[in-house]
1. Can you compute the charge dipole magnitude of the chain about its Cα centre, using +1 on each Lys and Arg Cβ and -1 on each Asp and Glu Cβ, nothing else charged? Give it in debye, rounded to the nearest 20.
2. Charges on Cβ only, +1 for Lys and Arg, -1 for Asp and Glu, centred on the Cα centroid of segment 296-500; of PRO296, LEU389, VAL450, which one is farthest towards the dipole's positive end?
3. If you take P(r) over Cα pairs in 20 Å bins from 0, in percent from the coordinates, which of (1) 20, 47, 25, 8, 0; (2) 21, 50, 28, 1; (3) 24, 56, 18, 1 do you get?
4. For the chain, give the share of DSSP beta bridges that are antiparallel, in percent and rounded to the nearest 5; count only bridges with both residues there.
5. Determine the distance separating the Cα centre of segment 255-291 from the Cα centre of segment 79-149; give it in Å without decimals.
6. Enter the accessible area of THR98 (Å², nearest 10), with the probe set to 1.4 Å and all protein chains included.
7. Along the positive direction of the dipole of the chain (beta-carbon charges: Lys, Arg +1; Asp, Glu -1; about the Cα centre), which of LEU126, ILE48, LEU146 reaches farthest?
8. Taking the Cα centre of segment 356-444 as origin, work out the dipole magnitude from +1 charges on Lys and Arg Cβ and -1 charges on Asp and Glu Cβ, in debye rounded to 20.
Amino acid sequence: LGNGGSTLHALRCLEEQYGDQWTSFTVLLIHSGGYSQRLPNASALGKIFTALPLGDPVLQMLELKLAMYLDFPRHMRPGVLVTCSDDIELYSTGPTDTITFDKPGFTALAHPSDVAMGTTHGVFVLDPASFSGKGGLEYGSCHRFLHKPDVQTMQQSGAVCVRGLGCPGSHGDSGTASECVYTDSVFYMDHSTARQLLGFYKQVGTLCCEIDAYGDFLQALGPGATPDYTRNTSNVSREGPGLVGVRQQLFSLLQGTPLNVIVLNNSQFYHIGTTQEYLFHFTEESKLRSELALQPVAFSIFPGTAKALGRVSIIQSVLEAGCVVGPGCVVEYSRIGPGVSVGRGSIVSGCCIDASVDIPSDCLLSSVSVRAPGGLGYVTMAFGLGDDLKRSVRSLSDLHCLQFFGASLPECLDLWSIEASEQLFSSKDTLLGLWSARIFPVCSTLSESVRMSLNMLNSVQHKSAFKLRGFQLLSVEEMLTYKDVEDMLKFRRQIYDEICLQRQKDKS
């Protein structure tokens, strides 16, 4: 459905559950994370439950979101506040300033960002008459909303500002540090607008395409909105049937609805939805790390005889004496044995590693409990951080275009004695990619599944054969279908209890 379709579905659930009573509600609607193909260690449980290296015990994104938006309901008329699960908005306003959501239509928060960031986010073309660019907080109106525009479009539409001059339409020299655009994050819609969208959803019936809550709702707003975007599908991951038609219907429905903007000049928008962003903010000297006081070791057992070779992020994990963690690594919800060495810049999530092994640099290991046809089992996905899990091809002859840990997929399949065929992929459509490739073995124990996946990486690294015949193999897509969330949480609880017990022993 996309996050727009899921927003419509959630509104329908509210009405079914509460009837007319929901017209008086202030609702926080958080998109929990989708497939999370750019941060696969969050795929099974959802990005909203991403653990942060913060708190004792650790906080998750959900708790941080609730803390950030704590003051909003007091200054909000009945309606719906929509946000994603992989972004953090930090801001500072004057002592008497309040963020108020009380206007009809849509109201969105806007953050100053460099022009490059605008190409991957939503960008507001602010109305110059309603915006001065001064002060920490300012209410204005939006002439037009652009979704992931290129630099030329931003400049031509008047979205690029020169900071400090307070003029949305003014331009400095291209690429100068003073240039900025105002990008999106959270938006609110009043109840009558939410009811309008719900009426549209009921009328359409079944959605057969992905709707984007930002691109497809907000681009229809403002006096400068045009229907041109409805035919542009370049930013759509999968174009379902009827997408253009549905977009045109939404444009007709929402055209003329006001888009109010709360400009937070003294604010910062952080995105942690990719492995690169996740590692940077959690392990490097990022601004977010200092602003939230993120900890290198959060609620974990990390004895002095375990080594961290630089800045790391250890989150609710048990590390035993003698293990070594390389610089720039994140280890979460895992148990790392004494003979384990974790290479530079890797992510280890939900793993139990008790054998003496070397985990390569720049890789992701994430274990998932599954209820496969044979009962409870364990699968560990393993990828290079440069692997593109969103990329797909249409025919077996193009499989060489897919890269796994620095090698082409056919080369890897040869090393693992797996035949390249249509049956290798779990996808129901004709798209073939790493996401749907059945290459990960189901094992009877968590530690064995990690060992098998590390053997796969090792065989690719050293161009040595490692046969996977005889194993039941799953794709990441199937792992999420068969996931056993209760068993995964049980493992996390065991680690939690062990940390609490160790702390009691240390105190006594």
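The values are calculated or read from the model by the stated rules, or taken from the named source; none is laboratory data. Since the structure is predicted, the reported quantities are computational estimates derived from the model, not experimental observations. Here Cβ is always computed from backbone atoms with ideal geometry, including for glycine, and neighbour counts include all displayed protein chains. Heads up: the accessible areas ignore ligands, DNA and RNA and are worked out on the full protein's heavy atoms, side chains in. Shrake-Rupley method; radii C 1.70, N 1.55, O 1.52, S 1.80 Å.
1. On the way: 39 positive and 50 negative charges, 95 e Å.
Dipole of the chain, to the nearest 20 debye: 460 debye.
2. My answer, from the dipole projection, is PRO296.
3. Structure-derived value, by its label: (2).
4. The answer is about 60 percent antiparallel.
5. Segment 255-291 and segment 79-149 have Cα centres spaced 12 Å from each other.
6. 60 Å²
7. ILE48
8. On the way: 6 positive and 10 negative charges, 83 e Å.
Computed charge dipole of segment 356-444: roughly 400 debye.
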